[in-house]
1. Each label point is 7 Å from the Cα along the Cα-to-Cβ direction; what then is the distance between the points at Glu255 and Lys67, in nm?
2. Order of Leu194, Leu92 from fewest to most other C-beta atoms within 10 Å?
3. So if R0 is 22 Å, what FRET efficiency would Ala197 and Glu104 give, r being the distance between their Cβ atoms, rounded to the nearest 0.05?
4. Skipping prolines and chain starts, which residues have an amide H placed within reach, meaning under 5 Å, of the one on Thr102, given they are 5 or more residues away or on another chain?
5. Report, by chain and number, residues whose modeled amide H sits under 5 Å from the one on Leu194, excluding near sequence neighbours (fewer than 5 apart, same chain).
6. What is the fewest-to-most order of Arg135, Arg83, Arg155 by other Cβ atoms lying within 10 Å of their Cβ?
7. Can you pull the one-decimal nm distance between simple spin-label points at Asn5 and Trp125, each 7 Å off the Cα toward Cβ?
8. Once the Cβ-Cβ distance between Leu273 and Gln58 is put in as r, and R0 is 35 Å, what FRET efficiency do you end up with, to the nearest 0.05?
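Rule-based calculations on the coordinates, nothing more; no lab input. Since the structure is predicted, the reported quantities are computational estimates derived from the model, not experimental observations. Positions of Cβ are generated from backbone atoms using ideal geometry, with glycine treated the same way; all protein chains shown enter the neighbour counts.
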Amino acid sequence: MKFVNQIILGDCEQVLKSIPNDSVDLIFTSPPYADQRKTTYGGVKPDEYVDWFMPKAQEFYRVLKPKGTFILNIKERVVNGERHTYVIELILRMREAGWLWTEEFIWHKKNSYPGKWPNRFRDNWERLIQFNKNRKFKMYQEAVMVPVGDWAKDRLNNLSDTDKKRDESKVGSGFGKNISNWVGRNEVYPNNVLYLATECSNRNHSAAFPIDLPSWFIKLFTQPNDLVLDPFIGSGTTAVAAIQLGRKYLGIDTEQEYVELSNERLLDTQIRLPIIAENQEEYKTDNIEG
Ligand SMILES: C[S@@+](CC[C@H](N)C(=O)[O-])C[C@H]1O[C@@H](n2cnc3c(N)ncnc32)[C@H](O)[C@@H]1O
């Protein structure tokens, strides 16, 4: 495909029309948030957000492979003293359009700075909403395992009788657990909360996310040589994460300066790739708390 490993200038809805059906393994993106940051790259009004997004989502659906995943990083803003409902409405419209709302992850921001608001506290998390085309999708859980952690020393050394057999849920939810299964293991599966610092190193884009965010999802939902699409690429973070992990990328942005910024970062990453490869083991679990 001629667009592979490129950052393309344009509106993603238009650019994607040239991309074949079922060609992308993972879509990972953070679109412009409703009405925010108007001065930098044009906001979309909260009331119009869903209508603005859905034609783009239709193209995402078409280009995503049947077993691929779409991760949407988004957060509802406060309008007139309450949280606007555009994210909730978006999820409902996505379901009407055929998407499955499979899961939701939380990005818990490690280093957001303190503040005082009259009627709420500092906003310290964002949503990462997982959409799929099918119930069976590709997922490589072993790629994101985390060290078992200190809790295991106390908990697993003192197993009660209940711990030694499967403990069925008391409320009849059907979710049981068998704690003893985890004795002697160094790594466990993570949970759905990612505890990561906000981006500090990249000051050339006002809304860049930390590279560990796309990296974690790229490892979870793709294999080497798979194609990762970020239709709102900004400073190129998703593409950088993709090449660091040996995946292909496709990035799109309406702003020339962000296309150039992405290409500069990608060039720099390619030059440093051998060093990145040497540090790969350490990189694997850094900054992700289970
Ligand atoms: C929240 S930022 C993405 C930041 C990115 N995750 C990063 O780490 O730098 C959203 C980006 O979408 C771009 N954008 C806005 N409307 C677009 C459209 N219709 N098609 C493609 N890109 C668009 C903006 O220029 C902006 O760079």
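1. Taking the two extended label points, one gets 3.8 nm.
2. If I rank by nearby Cβ atoms, fewest first, I get Leu92, Leu194.
3. The calculated FRET efficiency here is 0.55.
4. Excluding prolines and chain starts, which carry no amide H, the hits are Gln130, Phe131, Asn132.
5. Ile106, Trp107, His108
6. Starting with the residue having the fewest Cβ neighbours, the order is Arg135, Arg83, Arg155.
7. Modelled inter-label distance: 3.9 nm.
8. Values: r = 36 Å, r/R0 = 1.01.
In this case the efficiency is close to 0.50.
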